[in-house]
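The values are calculated or read from the model by the stated rules, or taken from the named source; none is laboratory data. Note that this is a predicted model, so its numbers are computed, not measured. All Cβ positions, glycine included, derive from the backbone under ideal geometry; neighbour counts span all protein chains shown.
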Amino acid sequence: MQATRKTVQIAVLALIILIPLFNYYGNKIQQKDEIAIGKSIPLAAIHSLFKGSDRDAVITLSHQVKGSIWTIDIWGLKISDPLAVLESSVTALYLYWPMILSIFIPLLFTLILGRVYCGWLCPMNLFSETVTMLRKLLEKTGYRTRDINFSSKTKYTVLILGLSAAYILGYPLMVLIYPPSVISREIFNKIYSGLWGYGILIIGGYLFMELILSKRWWCRYICPGGAVYISLSRFRLLRIKRNNNCNQCGDCVPVCPYDLKPMTQEISAQCDLCCRCVSVCKPDALDYTFSLKNALPKNTKATTPGKPNGKPNGKPKQQEKK
Amino acid sequence: MNRRELLKLLGLTAACGILGENASAGTRGGNTEKNNLFRWGYQQENYLRPPGALPEKKFMQACISCGICAQVCPTQCIRFFTQNYEGRLRADTPYIVAAERACNLCLECTKVCPTGALMPVEEKQDVRMGQALLKEDLCLPYIKQGGCGACYTVCPVNAIRLDKQRYPKVIADKCVGCGLCEEVCLQKVKAVRIIDESRRLKS
């Protein structure tokens, strides 16, 4: 499962680079700018792929899919980030119907699967996970990293403050700090103008903080987009549930990037379905359950696992070690 | 502590590198525009929004800086402010500098904008990006430097007529402000410019 997730994340990052690149190639073909194509290695590579084909067909093909992870247009089907739609609508106090319709697919996915965008598609998650690995390496060399914790509800404050500031200033401010938007715009800028903008400093700053100050602080505490997805995924249908196989070994607790405790069923809407807990669970005590019942509000009180179900190895692992 | 200082140094170097590169690129690209500013006597720079754009205030409210309009633009006239107009850092919204590359009114960008910041436009004639103004003391035929008529030839909506088959005149009602005339103008300091009063940058 982890390998699949990594593959999806890398594929998404590759698409964020390839879609603008292919559009740029189409533009250059349309301008008959053979010199620019020859100069750049990726453009020349694409050019060699389409050597024999019809010029007009290549131009139309190159503009079929456009955009990035922030907003994409696939054969005329528009899909936008819910944060983009929310911000634009709040700032202008106006509902533009084609735009409202474009959040239908993300909304559907979030209501069924939960905060799956964060765990599987967001490029920032991929970077964060890489940095977390670097952080572990850094700790091994003897460098003492700090881990500043604050409330995971800070996200909502950031979202509300961002929206009100955007309304007052008349400009959707969060596009300047929201990583999927910044990353896709930076890549687009690099391809189209050959220059890096300030966005690379923003993302670099976030990752640097994650490296030495606070573990995965952006996704855990700050991300306004995450706040939107979390509020939607309270009603999700797919949830991770513990069954009677649990032997309270506690393996699933430290692997969770959001400090959730699958062992005691304390899985809130924060869960981004990264499935680390499921892959790490040895007695197969965590299942994906899919039912309408999940969507209903219920008692969210933490429950301790029931009696071990009569298995000989049902005792907690910590005691076995002793 | 040493490591921390090293990391700080690396971060700062990266920051300086990026800002320096951008600043130098800005001065390299801005010469045409600076010449124009000098001769046209404007205190402020002039830029255009892509076709179909809402009024400036509403445009800034609606645009989410996704860059789709620039991705599909076949002439690549649409740029973003992070691409350093005059070396200054601005919010990421699309703009056109007609003197350097003008819009050819393909209207692709109006169809793809997800936010409605660029509203769909059906006909070329319905676009209003600005208004062409002709400065006669810069125009070649008027200053007896020979006939030219480049702007007359290129205008896609026939908004420029030639008086006595020589002297260009802008027909204000027909002009859509695409800026092709400004791009092709032979003069280094453009004799014809697109002016959009609502979209001047504040300096």
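General remarks:
- Every residue from region A:193-204 that is facing chain B (nearest Cβ under 7 Å) and either modelled with pLDDT of 90 or more or part of a loop (DSSP other than H, G, I, E, B) (or both): A:195, A:196, A:197, A:198, A:204
- If you go through region A:166-192 and keep only what is facing chain B (nearest Cβ under 7 Å) and outside any helix (DSSP H, G or I), you end up with A:170, A:171, A:172.
- Failed item, numbered, when residue B:147 is tested on (1) in contact with a Pro (Cβ under 9 Å, 6 or more places away or on another chain); (2) under 26 Å from residue A:76 (Cβ atoms); (3) not polar (S, T, N, Q): (2)
- Checked against the criterion of being surrounded by 13 or more Cβ atoms within 10 Å (Cβ to Cβ), of a type in the set (A, V, I, L, M, F, W, C) and modelled with pLDDT of 90 or more, the candidates A:161, A:113, A:173, A:137 yield just one match: A:161.
- If only residues of region B:110-166 that are over 22 Å from the mean Cα position of the chain (by Cα), of a type outside the set (A, V, I, L, M, F, W, C) and not in a loop (DSSP other than H, G, I, E, B) are counted, the one that is farthest from the other protein chains (Cβ to nearest Cβ) is B:163.
- Failed condition for residue A:46, given (1) buried (at least 19 other Cβ atoms within 10 Å of the Cβ); (2) more than 10 Å from chain B (Cβ to nearest Cβ); (3) farther than 18 Å from residue A:16 by Cβ: (3)
- Restricting attention to region A:140-154, the residues that are under 20 Å from residue A:221 (Cβ atoms), hydroxyl-bearing (Ser, Thr, Tyr) and surrounded by 11 or more Cβ atoms within 10 Å (Cβ to Cβ) total 3.
- Scan of region A:197-228 for residues that are touching a residue at least 24 places away in the same chain (Cβ under 8 Å), touching a Lys or Arg at 6+ places or on another chain (Cβ under 8 Å) and over 18 Å from residue A:161 (Cβ atoms), ordered by number: A:210, A:211, A:212, A:213, A:214, A:215
- Some residue of region A:150-162 being in a loop (DSSP other than H, G, I, E, B), of a type outside the set (Val, Ile, Thr) and either farther than 18 Å from residue A:271 by Cα or under 16 Å from the mean Cα position of the chain (by Cα) (or both): no
- Residue check for residue A:72: within 9 Å of chain B (Cβ to nearest Cβ) and either over 17 Å from residue A:14 (Cα atoms) or surrounded by fewer than 24 Cβ atoms within 10 Å (Cβ to Cβ) (or both): yes
- The residue that is modelled with the lowest pLDDT, counting only those in region A:207-229 that are part of a helix (DSSP H, G or I) and within 12 Å of chain B (Cβ to nearest Cβ), is A:212.
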